[in-house]
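Below is one structure, written out as structure tokens; comments come after it.
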Amino acid sequence: MTKIQFSIIRGQVSSQNAILIKKEATLLIVKHRSFPYKLLGMEASLRRLPQDHPQIDYFQQSINSIKAGIGGEKSLDQYFEQDAFHENHFVFQDIGLNSSGVFQIDYLYINTYFAVIFEVKNISGDIFISNDNPRLKRVRKNGKIDYFRNPLRQVSETTDLFNDFLIMNGFDLPVYKAVAFKQYNYALEFEKTTIPVLSIQDIPGFIRRLPRPQKILTPWRLIELMELILNKHKNYIPFPITNYFEITPEEFQKVVHCENCNTFGMRKLPRTWLCPKCGLESNTAHIQAIHDYCMLINPQISNEECRKFLNLKDSNTSSRLLRSMDLLKKGSSQKRFYYLDYQKL
Ligand SMILES: [Zn+2]
């Protein structure tokens, strides 16, 4: 049995690839997870918040958790790549779609019988979930309690929106849903829910046991659905990150960061940036600062905002630096903004 695996980050399957797929009896396509925008934004926050900021611990933990989550999803990839499914199917990671609202799916499995949505969580500790509580409670080993958004509600909302997406695009397919936790090492208690809660290791078995009374889609129609999902997919961009946390732009440290000694305040000399503390010289130190501004404060930046953020004396220098970067422009020359097309990262 031949297996084809495509790595498609965004955009369309070329018609040549589509033909290749159609010739195969067993199909596997993976839309890989998107660029980790949230992680970049959280790292920028950690870089620019003062050491004694009350949310520093939270950001550090969240970064660890996102990194571990990426690790968790990679281990899930192995289950799919081992090809446990002897049927026409496609697997998508981290799909962003829009129907009656914008939504994001961690893992989506589609075949000619049904679709399954998995909300994948990487939260270690003792977990308590109830369908009628909007929050998930986690008790850590040291007894500390944290609360997260309830993944049962999350996956239900996502499923409703995906159902709308199918209907709006002329597809009629049963949609199953489940929440999957990466770890085994927790007490997992949930009540008042009919939504399956699994370990990621259980996912292949869960998919295999779902009922397949009759084919709903022809293989060709399944390919049309796959192409539709890929074509409609848009990365979810969580910038500016201040929209999601109770942090005001003023709380972030401005000016240019020295990556060598991890301090702020590199000075602009005619041809270079100089760190007064460690003596590092860099021609490109402003790039990180401008990206940080866009991720943290506003995805578009004017020349004046750039001048202030980098602590430059004259606007000709900031204008030159902005123009030297691979940024898009909008507005007239009087009111010009620069921005990065994050969809294309
Ligand atoms: Zn330095």
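The values are calculated or read from the model by the stated rules, or taken from the named source; none is laboratory data. Small disclaimer: the values here were computed from a predicted structure and weren't measured. We place every Cβ from the backbone using ideal geometry, glycine too, and count neighbours over all the protein chains shown.
Details
- Screening R153, R138 for residues that are over 12 Å from A187 (Cβ atoms) and either in the same structural domain as Q201 (by TED's automatic domain parsing) or buried (at least 21 other Cβ atoms within 10 Å of the Cβ) (or both) leaves exactly one candidate, R153.
Condition check ((1) buried (at least 16 other Cβ atoms within 10 Å of the Cβ); (2) among the aliphatic types (A, V, I, L, M); (3) modelled with pLDDT under 85) across all residues:
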residue: N122; (1), (2), (3): yes, no, yes
residue: D132; (1), (2), (3): no, no, yes
residue: A178; (1), (2), (3): yes, yes, no
residue: Q183; (1), (2), (3): yes, no, yes
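- For S124, the test of being in the same structural domain as N64 (by TED's automatic domain parsing) and either assigned to a loop (DSSP other than H, G, I, E, B) or touching a helix residue (DSSP H, G or I) at 6+ places or on another chain (Cβ under 8 Å) (or both) is passed.
- Residue among I117, I167 that is in the same structural domain as S62 (by TED's automatic domain parsing) and either in a strand (DSSP E or B) or under 24 Å from A68 (Cβ atoms) (or both): I117
- Single residue of the range 269-310 satisfying the filter (within 22 Å of L46 (Cβ to Cβ) and among the polar types (S, T, N, Q)) that is surrounded by the fewest Cβ atoms within 10 Å (Cβ to Cβ): T284
- A single member of E246, E305, E250 is assigned to a loop (DSSP other than H, G, I, E, B), away from the ligand (no atom under 16 Å from the Cβ) and among the acidic types (D, E), and it is E246.
- Near pairs, Cβ below 6 angstrom, 6+ apart or cross-chain, from the range 257-275 (closer than 18 Å to I290 by Cβ) to any residue that is near the ligand (Cβ under 8 Å from one of its atoms) and part of a strand (DSSP E or B): M266/C258; C275/C258
- Taken over the range 255-277, residues that are in contact with an Asp or Glu (Cβ under 6 Å, 6 or more places away or on another chain) and more than 10 Å from the ligand (Cβ to nearest atom) amount to 1.
- Here Q201 meets the list (1) modelled with pLDDT under 85; (2) surrounded by 19 or more Cβ atoms within 10 Å (Cβ to Cβ); (3) polar (S, T, N, Q) almost entirely, failing just condition (2).
- Just one of the listed residues (I237, I223, I195) is hydrophobic (A, V, I, L, M, F, W, C), part of a loop (DSSP other than H, G, I, E, B), touching a Lys or Arg at 6+ places or on another chain (Cβ under 7 Å) and closer than 30 Å to F171 by Cα, and it is I195.
- Some residue of the range 193-207 being over 30 Å from V139 (Cβ atoms) and either out of contact with any helix residue (DSSP H, G or I) (no Cβ under 6 Å at 6 or more places or on another chain) or assigned by TED's automatic domain parsing to the domain that holds L280 (or both): yes
- Residue list for the range 278-302, restricted to those being within 16 Å of the ligand (Cβ to nearest atom) and in a loop (DSSP other than H, G, I, E, B): C278, G279, L280, N283, T284
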